[in-house]
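*Asks:* There's a structure below that I have some questions on.
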Amino acid sequence: MRGFIHEFKEFAVRGNVIDLAVGVIIGGAFGKIVTSIVNDIIMPPIGLLLGGVNFKELIIPLKPGDHVHTLAEAQKISAPVIAIGQFINVVLDFLIVAFCIFLLVKGINWMKNKEHEKPEPEKTTKECPYCMSEIPAAATRCAHCTSVLETAPEHG
């Protein structure tokens, strides 16, 4: 039993598990923000444009005899309905969260690519055109074949 507890402790304090827990907590809070944006900011103007429809209450009754017009009425009498408005809100929530995650991943990939695009270091050597040996870039004579490579600029 003691080995099991020790193994669980190692698992629980491992960095990946803690990172995952933080991600789930932040993701839950972010989901609430997105739900509020959809329910309280996006859907009311859309409902107004569509004739004052409250999307949260938009339902499709399944029994023709049930004369219910809102989800609250249907729930009160346990009438079977398709809560199409709630479904539309959840789909919009998902699309917004998915788009935000897409932007986040795109940004992380962009930053990773920037890290890999380091400028090429300046060359400190060159090749002798006569013997093809590697020599210092500032050399005017090849150390291997003693050929004169270029003349030093005259100051005058």
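*Asks:* Classify segment 2-118: rounded, prolate or oblate, from the alpha-carbon gyration tensor (a ≥ b ≥ c, eigenvalue square roots; a/c under 1.5 rounded; otherwise prolate if a/b is larger than b/c)?
*Replies:* Oblate, since a/c reaches 1.5 and b/c is not below a/b.
*Asks:* Starting with the fewest neighbours, write out Arg2, Arg14 ranked by other beta-carbon atoms found within 10 Å of each beta-carbon.
*Replies:* Arg2, Arg14
*Asks:* To continue, here is another question. Could you give the DSSP H helices of the chain that reach 24 angstrom or more along their long axis (alpha carbon positions) and whose average Kyte-Doolittle hydropathy is no lower than 0.0?
*Replies:* 15-36, 84-116
*Asks:* Straight-line reach from Lys123: which lysines fall under 24 Å, measuring Cα to Cα and dropping same-chain residues less than 8 apart?
*Replies:* Lys114
*Asks:* Lone cysteines in the chain, going by a 4.7 Å Cβ-Cβ cut-off?
*Replies:* Taking the Cβ cut-off of 4.7 Å, the unpaired cysteines of the chain are Cys100.
*Asks:* Please provide three numbers in whole Å: the alpha-carbon extents of segment 75-156 along the principal axes, with the largest listed first.
*Replies:* Result, largest extent first: 102, 32, 13 Å.
*Asks:* My understanding is that a pair violates if its Cα-Cα distance is over 25 Å; which of Lys56/Lys76; Lys32/Lys106; Lys32/Lys63 do that in this structure?
*Replies:* Those over the limit are Lys32/Lys63.
Rule-based calculations on the coordinates, nothing more; no lab input. Please read these numbers as outputs of a predicted model, since none were measured by experiment. Cβ: placed from backbone, ideal geometry, glycine included. Neighbour counts: every protein chain shown.
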